[in-house]
Amino acid sequence: MNFKELIEKDRERRKSDKFEGTFLDYLEILKNNPEVYKLAHERMHEIITREGVEVLDPEENIRIRKIYGNQVIKSYKFFKNDFFGIDKTLMKLVNYFYSASMKGEESRQVLYLVGPVGSGKSSLVESLKKALETSESVYGLKGCPMREEPLHLIPKHLRKEFEEELGIKIEGDLCPVCRYKLLHEYNGEYEKFPVEKVDFSIRSRKGIGVVPPVDPNNQDTSVLIGSVDISKMDLYAEDDPRIFALNGAFNVGNRGLVEFIEVFKNDVEYLHTIITATQEKSIPSPGKGSMIYFDGVILAHSNEAEWTKFKSDHTNEAILDRIVKIEVPYCMELNEEKKIYKKILGKSNFAAHIAPHTIDIAAMFAILTRLQPSNKVDLLTKLKIYNGEEIVEKGTTKKIDITELREEAGLREGMSGISTRFIVKAIDNALSESKEGCINPLSVMESIIKSVKDLDIADDERKKYLALLQDTIRKEYNKILEKEITKAFIQSFREQAESLFNNYLDHAEAFVNKTKIKDKATGEQLEPDEKFMRSIEEQIGISDSSAKGFRSDVTSYMFYLVRKGAKIDYTSYEPLKEAVEKKLTYSVREMSRIITKSRVRDKEQNQKYNAMVEEMKRNGYCDECCDVILKYAANNLWKD
């Protein structure tokens, strides 16, 4: 790479993007392209939506239908790579900006994000701020501390004519500083007022203002609205704009965004500026100046404890009435929670190998702690339903209404439990303590157990979390591992599964249609093999009396798939898939036990063991984690 050339090209590009001209020049630009004029909320809505929106129709997307019922979900590409499992929250967020961009009531409201620690509130705000930084520059009055819209120069009595000519609606007034400059430097000739392009910057406080929690004993409103420059007070009058230092958060955040971090940690008196900044779209001048027009997104966030305390005080009604509250819960979908950990780990410098199912087990524990108990299903089943998985029970797919589960749980579900941050720290600890440069589900479980024991929570809650880890999670992992080893042991697991599946279909179809099966080797016409079919059906608890109905269901479903033109394989029908996999697992259980437990193997056993290890390595294991996992399996699986 030629660094000098790269730097020079960037410098030239930035120069070409710059603009300096008069207000008349700006009017010509605006006449040719009215889209240049946007208020803050409309600009933010465009930034989010211009990357694309994918509409996920439940009629076409089976997983969406399982998780959200008949609700149409919109997926915004702007958030796609950074936020997972909170689609409905993101839809509410974008709906707020859409309504505000239409100049609805939301344009005069504070957007307030509330949720548990580590749910992604701050990350959402950061994504909006960074998007502003990379967005197109806006035109502003040169030298204006508010970076304000040049159309504010147009006198009120002429605005209607300008609006008709330009096809836009002008909103706002000149700030005191620009009004003074217009009268005293340009003699009121506003067409000569210089206009420039200005960008957004977090670091330089341009268009993005941030208000951290302030010491209750020293809540100076100058942080919000600027201050009076004391050094100039002996030169100018108290109401002279030249003594104003308009560098508060609302001043710098004009036309962009003002963020209030942990907003309700501040005393309510400190937040009174929000009242006029929302409904009246104006903020006080420091000192004795007039009110100043403000156009910006006011975005606040805090944890639930502060919100509960604030809303319980009826004297805060004025501010509460100016808030649009959006809850940001924890992710409740297993597949999406795993993506969060992978994203965070991908940004770290840890180079250790991560064994298969390690992230799955950590994510499973996190979500189980967030679920409310149900009278309809156990927590693990509920987790799988929330993840859009089929639940098979006694040979049929169990129909459980996810909407009923959510209604039973109430609005609090997802607002408590173990945070993503907690899990990632536990994974980091496991990575740090790994001597062989490899972590696996067992080492991560141990790390989480240690972290839970050190957690500052009530004893009964700690016991509940430990029980989830040591009982529910471990049992589920044992099932996963048994299937994993079985698949590795059977060299052509998929082929054998397909063979069993196709044979079963042939026999079931013949049984239902009361026909015979032609033996491929001899050409002989044979009766359907009842013993073979029962050996598969029994794997999922189908009784003799239910077998006829099950076979009929299987064949009907396969004909339905054929009519739709869908591809048919052994995973097509969840109950039959589970039965086939259990049949294969059972068929090799004894041999697997011998191979994994035998300390001294004969030549044939050793060959099979090595072949199994190689298959596991092809499936993502390394020598270290493969050895640990197989030793664990030998001691904990296939017990008599």
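The values are calculated or read from the model by the stated rules, or taken from the named source; none is laboratory data. The structure presented is a predicted model; accordingly, all values stated were derived computationally and were not measured. Neighbour counts run over all protein chains shown; Cβ positions are idealised from the backbone, glycine included. Calculation scope for accessible area: heavy atoms of the full protein, side chains included, ligands and nucleic acids excluded. Shrake-Rupley method; radii C 1.70, N 1.55, O 1.52, S 1.80 Å.
In this structure, Asn81 does not qualify as closer than 30 Å to Gly140 by Cα, surrounded by fewer than 18 Cβ atoms within 10 Å (Cβ to Cβ) and either touching a strand residue (DSSP E or B) at 6+ places or on another chain (Cβ under 7 Å) or polar (S, T, N, Q) (or both). Being assigned to a helix (DSSP H, G or I) and either within 29 Å of Val613 (Cβ to Cβ) or touching a Leu at 6+ places or on another chain (Cβ under 7 Å) (or both) is true of Met558.
Being in a helix (DSSP H, G or I) and either modelled with pLDDT of 90 or more or closer than 18 Å to Asn254 by Cα (or both) is a description that applies to Glu163.
Being in a helix (DSSP H, G or I) and in contact (Cβ under 8 Å) with a residue 40 or more places away in the chain, is that true of even one residue in region 402-409? Taking every residue of region 402-409 in turn, at least one turns out to be in a helix (DSSP H, G or I) and in contact (Cβ under 8 Å) with a residue 40 or more places away in the chain. Within the option set Phe200, Phe250, being touching a Phe, Trp or Tyr at 6+ places or on another chain (Cβ under 7 Å), surrounded by 20 or more Cβ atoms within 10 Å (Cβ to Cβ) and aromatic (Phe, Trp, Tyr) holds for one residue only, Phe250.
Residues in region 385-400 that are open to solvent by 20 Å² or more (accessible area, probe 1.4 Å), in contact with a helix residue (DSSP H, G or I) (Cβ under 9 Å, 6 or more places away or on another chain) and not in a strand (DSSP E or B) were compared, and the one that is modelled with the lowest pLDDT is Lys394. For region 266-284, the set of residues classified as open to solvent by 10 Å² or more (accessible area, probe 1.4 Å), touching a Phe, Trp or Tyr at 6+ places or on another chain (Cβ under 7 Å) and either polar (S, T, N, Q) or without any contact (Cβ under 8 Å) to a residue 60 or more places away in the chain (or both) consists of Thr273, Ser282, listed by residue number. If a residue has to be part of a loop (DSSP other than H, G, I, E, B) and polar (S, T, N, Q) to count, how many in region 410-461 make the cut? Going through region 410-461 one residue at a time, the tally reaches 4.
Within region 478-523, the set of residues being surrounded by fewer than 17 Cβ atoms within 10 Å (Cβ to Cβ), within 38 Å of the chain's Cα centre (by Cα) and under 26 Å from Lys548 (Cβ atoms) comprises Glu498 only. Pairs linking a residue in region 524-552 that is assigned to a helix (DSSP H, G or I) to a residue that is of a type in the set (Asp, Glu) and open to solvent by less than 30 Å² (accessible area, probe 1.4 Å), with Cβ atoms under 7 Å and 6 or more positions apart or on different chains, are Ala547/Glu537; Phe550/Glu537.
Name the single residue, out of those in region 251-269 being among the hydrophobic types (A, V, I, L, M, F, W, C) and assigned to a strand (DSSP E or B), that is nearest to Glu171 (Cα to Cα).
Looking at residues that are among the hydrophobic types (A, V, I, L, M, F, W, C) and assigned to a strand (DSSP E or B), I get Leu257.
The residue that is nearest to the chain's Cα centre (by Cα), among those in region 410-438 that are over 30 Å from Pro373 (Cβ atoms) and buried (at least 17 other Cβ atoms within 10 Å of the Cβ), is Leu431. Applying the condition of being outside any helix (DSSP H, G or I) and surrounded by 14 or more Cβ atoms within 10 Å (Cβ to Cβ) to region 600-640 and asking which residue is modelled with the lowest pLDDT yields Arg601. For the condition modelled with pLDDT under 90 and either aliphatic (A, V, I, L, M) or not in a helix (DSSP H, G or I) (or both), Ala318 qualifies.
Just to be sure before I move on: is Lys288 assigned to a loop (DSSP other than H, G, I, E, B) and either open to solvent by less than 30 Å² (accessible area, probe 1.4 Å) or among the charged types (D, E, K, R) (or both) in the structure I sent? Yes; evaluated as a whole, the condition is true for this residue. Exactly one residue out of Lys31, Lys66, Lys92, Lys74 is closer than 26 Å to Lys129 by Cα, assigned to a helix (DSSP H, G or I) and not small (Gly, Ala, Ser): that is Lys92. Answer yes or no: is there a residue in region 335-347 that is touching a helix residue (DSSP H, G or I) at 6+ places or on another chain (Cβ under 8 Å), open to solvent by less than 60 Å² (accessible area, probe 1.4 Å) and not in a helix (DSSP H, G or I). No, every residue in region 335-347 fails to be touching a helix residue (DSSP H, G or I) at 6+ places or on another chain (Cβ under 8 Å), open to solvent by less than 60 Å² (accessible area, probe 1.4 Å) and not in a helix (DSSP H, G or I).
Is it the case that region 169-192 has a residue that's part of a loop (DSSP other than H, G, I, E, B), open to solvent by 60 Å² or more (accessible area, probe 1.4 Å) and either farther than 25 Å from Leu153 by Cβ or in contact with a strand residue (DSSP E or B) (Cβ under 9 Å, 6 or more places away or on another chain) (or both)? So far as region 169-192 goes, yes, one or more of its residues are part of a loop (DSSP other than H, G, I, E, B), open to solvent by 60 Å² or more (accessible area, probe 1.4 Å) and either farther than 25 Å from Leu153 by Cβ or in contact with a strand residue (DSSP E or B) (Cβ under 9 Å, 6 or more places away or on another chain) (or both).
One residue stands out in region 142-167 among those that are of a type in the set (A, V, I, L, M) and in contact with a strand residue (DSSP E or B) (Cβ under 9 Å, 6 or more places away or on another chain): the one that is surrounded by the fewest Cβ atoms within 10 Å (Cβ to Cβ), namely Leu153. If you go through region 224-243 and pick out every residue that is open to solvent by 80 Å² or more (accessible area, probe 1.4 Å) and either within 46 Å of the chain's Cα centre (by Cα) or hydrophobic (A, V, I, L, M, F, W, C) (or both), you end up with 3.
Tallying residues that are over 14 Å from Glu433 (Cα atoms) and in contact (Cβ under 8 Å) with a residue 12 or more places away in the chain within region 445-454 yields 3.
Inspection of region 364-375 identifies no residue that is at negative phi, open to solvent by less than 10 Å² (accessible area, probe 1.4 Å) and in contact with a Cys (Cβ under 7 Å, 6 or more places away or on another chain).
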